[in-house]
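Reviewing the structure listed below.
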Amino acid sequence: MPDLGLEVLFKGKNMLRLLGGLWAALEISLISVLLSIPLGILLGIIMVRKELVLRVITRTYFEFIRIMPQLVLLFIVFFDSTKLFGINLSGELSSVIVFTLWGTAEMGDLVRGAITSIPKHQYESSLALGLNNAQTYFYVIIPQTVRRLLPLSVNLITRMIKTTSLVLLIGVVEVTKVAQQIIEANRTSSPNAAFGVYLTVFMMYFLTCWPLSILASRLEKKWG
Amino acid sequence: MAEKLLMIEHLNKSYDDLCVIKDMSLTVHKGEVVVVIGPSGCGKSTLLRCINGLEPVQGGRICLSGREIKHGSRDLPMLRQKIGMVFQSYELFPHLSIIDNITLAPLKVQKRKKEEVEEEALSLLDRVGLKDKARQYPRQLSGGQKQRAAIVRALCMHPEVMLFDEVTAALDPEMVREVLDVMLRLAQQGRTMIIVTHEMQFAKAVADRVIFVDNGEIIEEGKPAEFFKAPKTKRAARFLNIFEFSPVKAQN
Amino acid sequence: MNIEYMLKYLPLYEKAAVLTVTIGAEGILIAAAVGLLCAVVQYNRVPVLRQIAAVYIELSRNTPLLIQLFFIYYGLPKIGISTNPSVCGAVGLGFLGGSYMAEAIRSGLESIEPIQSESALSLGLKPYQVMRYIILPQAVSISMPAFMANIIFLLKETSVFSAISLMDLMFTAKDLIGLYYKTTESLFLLVIFYLIILLPVSLLGRLVERRLRYAGFGS
């Protein structure tokens, strides 16, 4: 059996430290998700409206955010906020800002897609049945939109969690940073720690995201 | 009597618990045109699919010139070359032009020469009035044109027997005729054909023998003239009358 | 903004952009090959391989590229599998992208009615010929928009390459920020170069989608 460097994990509080680091990453994605969902719904509704100016603005925002790598956005907010706005943002706050901006764009797109995917005759047949506008939305359109939206939003959450791994690169202390510290500290006693520790981090992310992926595909099958 | 080309003996076919074909036997001779009619879901399409080895069967055997057709067997691709099948939904390959649709199997399966196959394909297309469509794609053709092209695709493999599975059922009424005319001409040329159809007038004109199937069994068979005029069984009579309506309102 | 500074360091960015695109393209090719393999194995329900593909797809989709790269670059050498940064980048991107490509192709394959392959079989084509001449060409065309979306996604993901000390665009920008404190200029160039890489692909993706819709596949 080759030395896989797994013993490091059982030394002292290393495993707990890693879990703490994972939580630090998850916290950032959680806050961003909670902010992105309402903002994204708002953006989505604005994007299907017909006002030209609003549409141009939202569209530009949306296209720019979607085409830029999230890491570039992180760099811009983290490194350039001091210069541009004269404020010094912490890595954590920069991350929340970027992921919220990005999450809002993605969520907005999902909402827009869900709204426009409801066929026009669904409105017409509800109105034909004598439902008024509010009733049509409340009983017919919104339930269908939500069903389409829910699995996709769960997927978005997994994407957010995976993307939080990037915050390491602007110096936020999270699970991968903790992993690096552990590997560094044990470099002489466990030279193979890099294998075991990174494998553990890999599995930690997997075990966090996998259940969500399963949930999303279940929801999709149920309501698809 | 001409030689026996296709023999079906005691065929049984079921999906899970649902029995679709019950102990069916049928012999088709060389040059014969057999028309299979019957209500929807009676098993006639399944019969054609079994003859082409597209379905596993639970009992009995199907032989073409003495060689058994068996779902999943090794020489099935060999045998299928001798059986041309035309589907209700045409099933042309949308990513290939008409000429490529027709020449694909002769080139890749029979390894024939490209020039020879293309020449044959074009002359066949010409005969069904589609020579100018050779380089077009299926989506550019009407339903009737697609179905004629599909027939040519099957013909170009020089099959010994051709199966037609409700080939006009998906067509707009005005396109039915052009497809049926092609099939009538094939019958005239003495091709062996098994045709599943709902077009009774056509059946009368084209068939040597009519088979009436209901609930997976052959209920009656006979010459078209006799069958359509005076069916022997009650069920066939009821089926043939099904499209006649009696007035529901008093006439003045 | 200091134009002179930007012009001076333009060649550095150009070099980095070439590196980003090269390794990105290699990774995408690996991803396409892996994806095709997985999709075909799953579509044809090949025993054992199919389960392996399923496990791989779940592992790849549910973990971040950065961690995958760290594991390959720092972890694997400990059990005797060493890579250099550019190989690691391409392989890592291929590992991540393979599952996304597999899903794209799989949904393309599944969108083709079984009767299409039956009609090909009825012409006497062998199963592998049906796959090669009938099913795959159609599936690939249908998956094209998803394929393009994946390419954009993967090109964006290359931005983490700097973490395994590849001198890509991110690396260059960060380096210059650290050296000269010309933050805005360095980041502006970074954004411009990513736009140069990503905008054409994005436009091409839209073109492909429109063309495909126009072609009306399947009808």
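What to note about this one:
- Subset of region B:29-45 that is touching a Gly at 6+ places or on another chain (Cβ under 8 Å) and buried (at least 20 other Cβ atoms within 10 Å of the Cβ) - its residue that is modelled with the lowest pLDDT: B:Cys42
- Residue identified as assigned to a loop (DSSP other than H, G, I, E, B) and either more than 8 Å from chain C (Cβ to nearest Cβ) or of a type in the set (Asp, Glu) (or both) among B:Glu91, B:Glu119, B:Glu115: B:Glu91
- Criterion (of a type outside the set (Lys, Arg), within 20 Å of A:Ile76 (Cα to Cα), at pLDDT 90 or above and in a helix (DSSP H, G or I)) met by exactly one of C:Ile177, C:Ile196, C:Ile152: C:Ile196
- Residue within region C:61-68 that is within 14 Å of another protein chain (Cβ to nearest Cβ) and within 19 Å of C:Ser143 (Cα to Cα) present: yes
- Filtered residues of region A:167-193 (kept if in contact with a Ser or Thr (Cβ under 8 Å, 6 or more places away or on another chain) and over 14 Å from A:Glu27 (Cβ atoms)): A:Leu168, A:Leu169, A:Ile170, A:Thr176, A:Ala179
- Tallying residues that are small (Gly, Ala, Ser), closer than 17 Å to B:Met7 by Cα and more than 10 Å from chain C (Cβ to nearest Cβ) within region B:56-88 yields 4.
- Checklist (1) buried (at least 18 other Cβ atoms within 10 Å of the Cβ); (2) hydroxyl-bearing (Ser, Thr, Tyr); (3) touching a residue at least 60 places away in the same chain (Cβ under 8 Å); (4) more than 14 Å from chain C (Cβ to nearest Cβ) applied to A:Thr116, failing item: (1)
- Residue check, A:Leu89 within 14 Å of chain C (Cβ to nearest Cβ), farther than 30 Å from A:Ser189 by Cβ, buried (at least 21 other Cβ atoms within 10 Å of the Cβ) and among the hydrophobic types (A, V, I, L, M, F, W, C): no
- If you check C:Leu190, C:Leu204, C:Leu155 for being more than 12 Å from every other protein chain (Cβ to nearest Cβ), over 30 Å from C:Pro114 (Cα atoms) and touching a residue at least 40 places away in the same chain (Cβ under 8 Å), only one passes: C:Leu204.
- Region B:154-170, residues that are over 18 Å from B:Arg49 (Cβ atoms) and in a helix (DSSP H, G or I): B:Leu155
- Any hit, region A:10-23, residues being surrounded by 17 or more Cβ atoms within 10 Å (Cβ to Cβ), at pLDDT 85 or above and of a type in the set (A, V, I, L, M): yes
- Residue in region A:28-86 that is surrounded by the fewest Cβ atoms within 10 Å (Cβ to Cβ), counting only those that are in contact with a helix residue (DSSP H, G or I) (Cβ under 9 Å, 6 or more places away or on another chain) and in a loop (DSSP other than H, G, I, E, B): A:Arg49
- For the residues C:Tyr5, C:Tyr56, the requirement of being of a type in the set (Ser, Thr, Tyr) and within 17 Å of the chain's Cα centre (by Cα) singles out C:Tyr56.
- The number of residues in region A:177-195 that are within 12 Å of chain C (Cβ to nearest Cβ), in a helix (DSSP H, G or I) and surrounded by 22 or more Cβ atoms within 10 Å (Cβ to Cβ) comes to 5.
- C:Pro145 at negative phi, without any contact (Cβ under 8 Å) to a residue 12 or more places away in the chain and more than 10 Å from every other protein chain (Cβ to nearest Cβ): no
- Of everything in region C:171-184 that is in contact (Cβ under 8 Å) with a residue 12 or more places away in the chain and more than 10 Å from every other protein chain (Cβ to nearest Cβ), the residue that is nearest to A:Gly171 (Cα to Cα) is C:Phe171.
- When restricted to residues that are in contact with a Lys or Arg (Cβ under 6 Å, 6 or more places away or on another chain) and either exposed (fewer than 14 other Cβ atoms within 10 Å of the Cβ) or closer than 19 Å to B:Val179 by Cβ (or both), region B:193-245 contains 1.
- Odd one out for A:Pro191, checked against (1) within 23 Å of C:Phe161 (Cα to Cα); (2) in contact with a Gly (Cβ under 9 Å, 6 or more places away or on another chain): (1)
- Residue in region C:127-138 that is over 25 Å from B:Gln147 (Cα atoms), within 14 Å of chain B (Cβ to nearest Cβ) and not hydroxyl-bearing (Ser, Thr, Tyr) present: no
- Residue ID - nearest to C:Ser86 (Cα to Cα), chosen from residues in region C:137-185 that are more than 11 Å from the chain's Cα centre (by Cα) and of a type in the set (Asp, Glu): C:Asp168
- Residues that are within 11 Å of chain C (Cβ to nearest Cβ) and either among the small types (Gly, Ala, Ser) or in contact with a strand residue (DSSP E or B) (Cβ under 6 Å, 6 or more places away or on another chain) (or both), drawn from region A:62-86: A:Ser81
The values are calculated or read from the model by the stated rules, or taken from the named source; none is laboratory data. Note that the structure is a prediction, hence the values are computed from the model and not measured. Positions of Cβ are backbone-derived with ideal geometry, glycine not excepted, and every protein chain shown enters the neighbour counts.
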